[in-house]
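The values are calculated or read from the model by the stated rules, or taken from the named source; none is laboratory data. Bear in mind that the values here come from a model prediction, so they are computed numbers and not experimental data. Counting neighbours? That spans all protein chains shown, and the Cβs are built from the backbone with ideal geometry, glycine included.
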Amino acid sequence: AKNAGRNRYRFFEPEMTVATQVRMALEVSLRPALARGEFELHYQPRIDLARMAPVGMEALIRWNHPERGRVPPQQFIGIAEETGLIVPIGRWVLQEACARTRALIDEFGRKMVVSVNVSARQLGNAHFVDEVRAVLLETGLAPDCLELELTESALIEDIERTAAMLKDLKRLGVALAVDDFGTGYSSLAYLRRFPIDVLKLDRSFLLQEDGNVTTSDFVKAFVEMAHALNMAVVAEGVETEEMLELLRAARCDQAQGYLLAKPMPLDTLRIVGWTASPS
Ligand code: C2E
Ligand code: CA
Ligand code: CA
Ligand code: CA
């Protein structure tokens, strides 16, 4: 019986510790990653559907781990949020994205908008608005060339406080987008309380339960409602021509997705000509 107990212990314990150990190892190597310059931003072009022309791009963080290679954001953003490391990492993302976009605008002489993901933890930081203001000043990026992508869950934490903060951000002149719309519980009616400019539809919003693309009438009605509330609609995760056609038929404003362009380093984007075209 003593033996069986020990076997059982041995059977379960290592499995639990492997997951925990990987997590802990990631956490330990995440702390110095910023100072070691292991982060990089890739940029995914955003396409205006009426003109089928690029209008901007979303900055997406990449972690080049010295031993593990590229670690996807899903594996470390959560850890960064829990440990608070997302605050300095997020500040770096903002600074880097704004500086590189400013340089690109100077090089091409055209306006383009960079979208930066902001986590709930960053938004909860009392200095966030000051940080955004400082980064715009330092980099010289025009405020209307920056869009902040906030998740629905970040918006429901403390409605009064969040609403006041978003108002301050709007006063700076930046655009505000709700990311992953359709995956949480918020509705258009709810979002009216906030000065939101853009709704980013999660790809799941455009798929039916059987995996087929939803009807264009549904998307059209949704886009009309968003427009009536002065919000632009951006579809994410566009992978097929069928979905692209549906979105264009529904008068969706912009789209992002592998069909159009994958996230890539800014230099690749420059070379392939995926920078914003004249409007
Ligand atoms: P997200 O903000 O919803 O970003 C979109 C994700 O979808 C990106 O994954 C992008 O590479 C991927 N994607 C783009 N086109 C397609 C497509 O056609 N099909 C599919 N299936 N996927 C597509 P990625 O880069 O792995 O980022 C994952 C998530 O990590 C992001 O989701 C965002 O929540 C978070 N994240 C990334 N960068 C940052 C950052 O700088 N700060 C914060 N706080 N979060 C970030
Ligand atoms: Ca996003
Ligand atoms: Ca999203
Ligand atoms: Ca997402």
- Task: Search segment 233-279 for residues being in a loop (DSSP other than H, G, I, E, B) and of a type in the set (Lys, Arg), and hand back the single one that is farthest from ligand 2 (Cβ to nearest atom).
- Result: Arg251
- Message: Let me spell it out: the conditions are (1) over 22 Å from Thr275 (Cα atoms); (2) part of a helix (DSSP H, G or I), and Ala126 meets all of them except one. Which number is the exception?
- Response: (2)
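For a quick check of your reading: which strands (runs of 3 or more DSSP E) sit entirely within segment 39-121 and have at least 2 residues that are buried (at least 20 other Cβ atoms within 10 Å of the Cβ) and in contact with a strand residue (DSSP E or B) (Cβ under 9 Å, 6 or more places away or on another chain)? If you could, list the steps in order and put the result at the bottom.
Numbers: elements: 39-48, 53-65, 69-71, 113-118.
Once the strands (runs of 3 or more DSSP E) in segment 39-121 are filtered for at least 2 residues that are buried (at least 20 other Cβ atoms within 10 Å of the Cβ) and in contact with a strand residue (DSSP E or B) (Cβ under 9 Å, 6 or more places away or on another chain), what remains is 39-48, 53-65, 113-118.
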- Return a yes/no flag: does segment 213-230 have any residue that is of a type in the set (A, V, I, L, M), within 15 Å of ligand 1 (Cβ to nearest atom) and at pLDDT below 95. yes
- Item | Condition met for Leu169 (over 24 Å from Ala221 (Cα atoms), within 14 Å of the chain's Cα centre (by Cα) and away from ligand 3 (no atom under 16 Å from the Cβ)) | no
- Message: So in segment 221-232, with the set limited to residues that are touching a helix residue (DSSP H, G or I) at 6+ places or on another chain (Cβ under 7 Å) and assigned to a helix (DSSP H, G or I), which one is farthest from Leu60 (Cα to Cα)?
- Response: Met225
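For (1) more than 16 Å from ligand 3 (Cβ to nearest atom); (2) over 21 Å from Leu146 (Cα atoms); (3) without any contact (Cβ under 8 Å) to a residue 60 or more places away in the chain, each residue gets a yes or a no:
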{"residue": "Phe181", "(1), (2), (3)": "no, no, yes"}
{"residue": "Ser186", "(1), (2), (3)": "no, yes, yes"}
{"residue": "Asp210", "(1), (2), (3)": "yes, yes, yes"}
{"residue": "Glu239", "(1), (2), (3)": "no, yes, yes"}
{"residue": "Gln254", "(1), (2), (3)": "no, no, no"}
{"residue": "Ala261", "(1), (2), (3)": "no, no, no"}
- Query: What are the residues in segment 68-84 that are more than 16 Å from ligand 3 (Cβ to nearest atom) and within 11 Å of Leu26 (Cβ to Cβ), if any?
  - Reply: Arg68, Val71, Gln75, Phe76, Ile79, Ala80, Thr83
